[in-house]
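Asker: Below is the structure I would like to discuss, written out as structure tokens.
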Amino acid sequence: MPGPVFPGDGLVRDIGTEVRRLRREKGMTLENVAQATGFSKMHISKIERGQVSSPLTTLHRIAMALRVSMTTIIEGADSRGEVAVSQDLSERDFMSLGQPGVRAAPLCHRPHDRIMLPLLVELEAGAETGGLSHPTDTQGKCEEWAYVLQGRVRLTMDNEVYEGRRGCTFYFSGAVPHLYTNPGKSKARFLVVRVPQV
């Protein structure tokens, strides 16, 4: 039986990503792999999304269905740290940021292992992020960049207010307390990238 997946289980996600890559490369559907392995389509999907860890017997059955060795899957997963690819953003990728109507999704694989943190942030009408500052392991120095994709976004910091619509960018020290607000009547979406200053 698969065990729980914890946020630090990067290898579980990497194996899932490699299984998906190999399945698509072979032109197989989730249904094809499910039939060949005897697992449900949902279980194969959870493996591919890194939501469940797989015992070796499960990986062996999947490897047989894909007509590859288990080594191919594991070595492919192990090499994924070289290029981080994220795609197919779904509802499950979003997390609440602790304020009503505010959620975000990391736009990179294993965000806890990265220096740069790219996020897709969504604010419902009238929602705000609350006072944010982002100290890092570089004595609290980091830079933040935001790009408005949809709606209106207001940035407040140091008693100054900046407002932007689609296509607007903000660039500032992320260590300074700040907040994002949606002053509009519809959902706002924007990209945020945080990077430690060097």
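Asker: Given 0.36 nm per residue, what is the gain on full extension from K187 to F94 after removing their alpha carbon distance, in nm?
Answerer: Working: separation 93, 0.36 × 93 = 33.48 nm, distance 1.49 nm.
Contour length minus the Cα-Cα distance gives 32.0 nm.
Asker: Long-range amide H contacts for G50: which residues qualify at under 5 Å (H placed 1.01 Å from N, peptide plane, sequence gap of 5 or more or a different chain)?
Answerer: Counting only residues 5 or more places away or on other chains, the set is G16.
Read-outs throughout are calculated quantities, based only on the coordinates presented, and are distinct from any laboratory measurement. Just so you know, these numbers come straight off a predicted model, no measurement behind them.
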